[in-house]
Structures are given as C-alpha cells and as structure tokens.
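The values are calculated or read from the model by the stated rules, or taken from the named source; none is laboratory data. Since the model is a prediction, treat every value here as computed from it, not as a measurement. Virtual Cβ from ideal backbone geometry, glycine too; neighbours counted across all protein chains shown. For accessibility, only protein heavy atoms count, side chains too; no ligands or nucleic acids. Shrake-Rupley method; radii C 1.70, N 1.55, O 1.52, S 1.80 Å.
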Amino acid sequence: MQDNQRCKGCSANVHMPSEDIRKMVDEIVNSNEFSVVSEKAYEERLSECTNCEYLQYDTTCLQCGCIVQVRGLLKDKDCPHPKGSRWYKKLLE
Ligand code: SF4
C-alpha cells in the first residue's frame, strides 16, 4: 500500500469500507456517550462535505483526516475548512 493511503496520525488505511462506516455511525447513534446533531443537520453537513474540495474518497476530510460521516454526527465537532466552517451554527440545532 502506498504511503499516501495511510492516515497521517496512525497507520490506518484511509479507505474505509462503507459498511464499517455504517457500523461506526450506528454505534455512536445508539450509545449515550456522544451528543449528536439532528438528522437534518447531519444531512446538511454531509451535503457541504460532498461539495467541498477537501473531501477525498467520498469519506475523508483532507483538513483533519476524519471520516466525515462520523465527524458530521458529533455536536461538538466543527468543519475545519481553512476559510471557515462550512457547517453553519444553525445546523447544530
Ligand atoms: S473541510 Fe469541512 S466541508 Fe470540507 S470535507 Fe472537511 S469537514 Fe467537510
């Protein structure tokens, strides 16, 4: 595997199968450990990511290295876009 296909922070592969992402999302939603955004806000966040130049492989934010389908769920996380968050505060409601 090429070096540019590994996470900068660890040795994980940056390509994550959609079923693995789905499992992570389900675990977060079904746990009481995390505060998550509304379904509408989640969809709007992911829509911003879909149109963002920093999204790679349809899953990975090149600014933070996060899987956006997971980061977008979390209320206390924001978009790290260098020109300012593309996830607007109103979407946190
Ligand atoms: S910079 Fe923001 S909008 Fe762009 S992919 Fe990352 S989290 Fe999504």
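Among residues of the range 45-72 being touching a residue at least 12 places away in the same chain (Cβ under 8 Å), more than 8 Å from the ligand (Cβ to nearest atom) and open to solvent by 60 Å² or more (accessible area, probe 1.4 Å), the one that is nearest to Asp20 (Cα to Cα) is Tyr57.
Checking each residue in the range 81-93 for being near the ligand (Cβ under 10 Å from one of its atoms) and buried (at least 17 other Cβ atoms within 10 Å of the Cβ) picks out His81, Arg86, Trp87.
Filter the range 11-44 for residues that are away from the ligand (no atom under 13 Å from the Cβ) and hydroxyl-bearing (Ser, Thr, Tyr); which is surrounded by the fewest Cβ atoms within 10 Å (Cβ to Cβ)? If we take residues in the range 11-44 being away from the ligand (no atom under 13 Å from the Cβ) and hydroxyl-bearing (Ser, Thr, Tyr), then Ser11 is surrounded by the fewest Cβ atoms within 10 Å (Cβ to Cβ).
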